[in-house]
Structures are given as structure tokens and as C-alpha cells.
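These notes concern the structure reproduced below.
The values are calculated or read from the model by the stated rules, or taken from the named source; none is laboratory data. What you see is a predicted model, and the numbers here were worked out from it, not measured in a lab. Using ideal geometry, Cβ is built from the backbone for each residue, glycine included, and neighbour counts are taken over all protein chains shown. Accessible surface is based on the protein model in full, side chains and every heavy atom, while ligands, DNA and RNA are left aside. Shrake-Rupley method; radii C 1.70, N 1.55, O 1.52, S 1.80 Å.
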Amino acid sequence: MIEDIVLNQPTLDYPPIKGELQAKLVNPNKVIVYWEASKIPGKIFHLFYNRQFEDCVHIVRIYDVTDMIFTGNNAHHSYDITVPYNKGYWFIKGLMSNRTFIAELGVKFSEKDFFPVLRSNSVQTPAIDGSNIYKNLVLNQQIEHHSPKWIDHVSTYSYYEESKILGQKNDE
């Protein structure tokens with residue numbers, strides 16, 4: 001009898017793949033989340049809910065978990081971003097500074113029902129004050145402060161050159 005139950009169960013005929021969702025800071029208010037798209041969560045979702053995984057809305061849910069031990073439902077706030085599951089990555093911008101965020105990739109199949117597939121590491125956005133913004137940009141992008149040599153010989157309207165005789169301009 002137990003053998004019949006085991007033999008009649010649908011099998012997960014996909015090779016085991018370690019699912020992982022990673023989040024990395026790109027700039028002070030933007031992260032990239034990336035994942036390896038696997039068919040296993042879709043198969044599990046289909047078996048559990050009897051719904052097609054591909055027909056549901058795939059989202060990345062961002063949780064603000066600043067100064068807390070996150071349990072899955074105690075975030076300060078969260079927001080959802082619709083993403084293509086098979087793409088494997090998504091950029092998320094507009095994050096508040098000096099906060100800690102965790103992302104979950106999953107399926108939203110009704111207004112309140114969310115089936116998480118993967119959870120990311122936490123990412124801390126830096127605290128930014130007005131005096132450090134410019135310094136951070138200079139350090140991160142390595143901006144050089146060299147003006148071109150011709151800048152002293154250009155006006156807004158025309159190019160002019162000083163002649164060797166003091167006070168005379170060459171208007172030719």
C-alpha cells in the first residue's frame with residue numbers, strides 16, 4: 001500500500017539545484033537582486049496549490065528590517081516589484097538611506113497570498129549626509145578635476161586668441 005502511494009506520486013524529475021537569491025548594493029540607494037531560475041519551485045507550487053506557476057505574478061518583495069531579527073512577517077514595511085522570473089536579476093532603486101533590506105523572490109497569486117521561493121542576504125544602505133555625498137561620488141567614480149587646456153581661450157560665442165602684443169586681440 002505504501003509502495004502504491006509512493007509510485008503514484010508525481011516525481012520531481014529535475015536535478016537538485018541550490019536555489020539562491022543574492023542582493024548587492026550598486027550605489028547608496030540602489031541594489032541588484034539576482035537569482036538562478038529553477039523549475040523546482042514551480043513544480044512544488046503546482047503540487048501544493050494546483051495552479052500553474054507560470055500563470056501567476058512573480059515578484060521581488062523588499063522588506064525593511066532595520067534593527068530587528070526578521071521572522072518573515074515583522075518588517076517595518078515592504079513593497080512588491082513585478083519581475084520576470086526567468087530573467088534572473090532585477091535592479092531596485094529608490095531605497096532609503098541608513099536602512100537594512102532583505103528581498104524575497106516569490107509568487108503573488110491574490111491580493112494577500114504570497115508564496116516565497118527564495119530569500120536574500122541583508123543589505124545595508126549607507127547613511128548619507130550632505131557633506132559626504134560629493135566625497136562618495138568622487139571616490140566611487142574617480143572623477144578627475146583637470147580642465148582642458150583650451151578652456152582659457154574660449155568665449156561663449158566665439159574662439160579668440162591673445163596676440164603676442166599685450167592688449168591686442170587677433171580678430172582674423
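Among the residues of region 13-29, those identified as among the hydrophobic types (A, V, I, L, M, F, W, C) and either at pLDDT 90 or above or open to solvent by 80 Å² or more (accessible area, probe 1.4 Å) (or both) are Leu21, Ala23, Leu25, Val26. One residue stands out in region 30-70 among those that are among the aliphatic types (A, V, I, L, M) and more than 13 Å from the chain's Cα centre (by Cα): the one that is least open to solvent (accessible area, probe 1.4 Å), namely Val65.
The condition (being among the small types (Gly, Ala, Ser) and at pLDDT 90 or above) is satisfied by just one residue among Ser78, Ser38: Ser78. Can you find even one residue in region 63-82 that is more than 20 Å from Val33 (Cβ to Cβ), assigned to a loop (DSSP other than H, G, I, E, B), out of contact with any Pro (no Cβ under 7 Å at 6 or more places or on another chain) and touching a residue at least 40 places away in the same chain (Cβ under 8 Å)? No, region 63-82 has no match at all.
At pLDDT 85 or above and either open to solvent by less than 90 Å² (accessible area, probe 1.4 Å) or not basic (Lys, Arg) (or both), is that true of Val6?
Values: at pLDDT 85 or above: no; either open to solvent by less than 90 Å² (accessible area, probe 1.4 Å) or not basic (Lys, Arg) (or both): yes.
It is false that Val6 is at pLDDT 85 or above and either open to solvent by less than 90 Å² (accessible area, probe 1.4 Å) or not basic (Lys, Arg) (or both).
When region 103-123 is filtered for residues that are touching a Ser or Thr at 6+ places or on another chain (Cβ under 8 Å) and open to solvent by 40 Å² or more (accessible area, probe 1.4 Å), only Ser122 remains.
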